[in-house]
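Step one of this worksheet: look at the structure below.
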Amino acid sequence: MQVQFFNAGAALFGVPDYVPALMEYVESYGIDLRFGHTLKSVDGPRGRATFEHVLRDGSKDRVESDFDMIHVVPPQTAPDFVRSSPLADAAGWIDVDRGTLCHIKYEDIYALGDAINAPNAKTAAAARKQAPVVAHNVLASLGRVARLALYDGYGSCPLTVEHGKVVLAEFVYGGKFAPSFPAWLIDSTRPSRLAWFLKERVLPPLYWNGMLKGREWMARPVQVD
Ligand SMILES: Cc1cc2nc3c(=O)[nH]c(=O)nc-3n(C[C@H](O)[C@H](O)[C@H](O)COP(=O)(O)OP(=O)(O)OC[C@H]3O[C@@H](n4cnc5c(N)ncnc54)[C@H](O)[C@@H]3O)c2cc1C
């Protein structure tokens with residue numbers, strides 16, 4: 001089976017430290033990578049997809065590809081009621097300060113999660129770290145605590161590369177490598193069985209019993225003067 005991977009962007013993953021491990025899998029699976037390709041239409045009955053390809057000189061051409069199965073990820077957008085609200089920026093995301101998560105225009109409004117315009121990866125791992133920052137800063141607004149807390153852009157993607165192995169990507173603003181575990185335990189730049197175990201067995205109870213119930217001691221926010 002020939003696997004083709006078309007991507008509208010220019011790189012396989014935004015954090016360079018994780019790219020070598022991912023490229024080894026791309027090569028071993030024989031995946032044909034094509035960057036700068038944006039899906040324009042799908043002809044299901046004929047099994048044909050059409051992409052717009054941006055060339056190095058900025059010009060565009062059309063590329064057609066046959067498929068037996070196609071997996072499409074649409075562009076990310078905020079829900080309509082957010083996009084049309086006065087809280088949104090020109091691109092439709094809630095306009096917040098990337099550190100305090102306070103709205104840029106309305107100082108009594110805070111926001112977190114996928115709908116905000118902070119330049120972090122939209123992951124539940126990010127929302128996990130943003131929630132205590134917002135909770136803390138709301139208390140600061142109410143005069144109940146003195147110092148503000150800052151979100152550092154933390155995000156995480158457990159990248160499943162084969163059955164039983166995960167590359168545990170963790171990073172902060174600027175695509176900076178930010179592993180939670182020491183390299184002797186999990187070398188997160190390499191595929192690992194322990195990272196698979198973490199994703200399969202540890203994270204679900206952590207999400208359900210810790211994070212969603214507001215009992216997550218490992219996500220304490222950093223405070224600033
Ligand atoms: C396939 C997939 C895999 C993922 N894997 C991971 C992963 O491994 N690790 C990770 O950290 N993150 C992962 N994510 C990302 C993660 O799911 C999101 O970042 C996270 O859910 C964002 O949380 P949120 O509360 O901001 O938004 P959401 O979880 O999208 O919650 C928004 C809620 O608002 C509701 N809503 C929408 N419109 C209205 C309305 N008008 N009125 C009332 N309610 C409304 C929606 O129904 C939804 O329940 C994955 C996402 C996808 C799609």
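Overview of values
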{"item": "Local electrostatic count at residue 26 - Lys and Arg +1, Asp and Glu -1, tallied over other residues with Cβ under 14 Å", "result": "-3"}
{"item": "Simple spin-label estimate for residue 213 and residue 46 in nanometres, 7 Å along Cα-Cβ", "result": "5.6 nm"}
{"item": "Vicinal HN-Hα couplings computed from phi for region 174-185 (Karplus, 6.51 cos²θ - 1.76 cosθ + 1.60; Hz; Gly/Pro x)", "result": "x, x, 8, 4, 9, x, 7, 10, x, 4, 5, 8"}
{"item": "log10 of Debye I(q)/I(0), alpha-carbon scatterers only, for region 145-196 at 0.24, 0.28 Å⁻¹", "result": "-0.87, -1.04"}
{"item": "Area accessible to solvent at residue 196, 1.4 Å probe radius, in Å²", "result": "60 Å²"}
{"item": "Distant-in-sequence amide H partners of residue 222 (H built 1.01 Å from N, under 5 Å)", "result": "150"}
{"item": "Candidate residues 105, 165: accessible-area rank, largest first, probe 1.4 Å", "result": "105, 165"}
{"item": "Kirkwood Rh (inverse of mean 1/r, distinct Cα pairs), region 3-66, angstrom", "result": "13.0 Å"}
{"item": "Choice from 155, 210, 47 showing the highest fluctuation, given a GNM over the chain with Cα pairs closer than 10 Å", "result": "47"}
{"item": "Hits among aspartates and glutamates - C-alpha to C-alpha of residue 165 under 20 Å, sequence gap 8 or more where chains match", "result": "17, 24, 27, 187, 200"}
{"item": "Cα-based convex hull volume of region 26-182 per residue, rounded to whole Å³", "result": "190 Å³"}
{"item": "The chain, accessible surface, carbon-and-sulfur percent (1.4 angstrom probe)", "result": "57 percent"}
{"item": "Subset of 60/176; 40/129; 40/122 violating a 29 Å alpha-carbon distance limit", "result": "60/176; 40/129"}
{"item": "The chain, accessible area per residue, ligands and nucleic acids excluded (1.4 Å, Å²)", "result": "62 Å²"}
{"item": "Region 120-225: equivalent-ellipsoid semi-axes (sqrt of 5 x gyration tensor eigenvalues, Cα, Å)", "result": "29, 15, 11"}
{"item": "Distance between modelled label sites at residue 81 and residue 108, nm, 7 Å Cα→Cβ extension", "result": "2.1 nm"}
{"item": "Rounded to the nearest 10 Å², the accessible area of residue 3 at probe 1.4 Å", "result": "50 Å²"}
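The values are calculated or read from the model by the stated rules, or taken from the named source; none is laboratory data. Bear in mind the structure is a predicted one, so any value in this text is a computation, not a measurement. Quick reminder, even Gly has a Cβ in these numbers, built from the backbone with ideal geometry, and neighbours come from all protein chains shown. These accessible areas exclude ligands, DNA and RNA; they are computed on the full protein's heavy atoms, side chains included. Shrake-Rupley method; radii C 1.70, N 1.55, O 1.52, S 1.80 Å.
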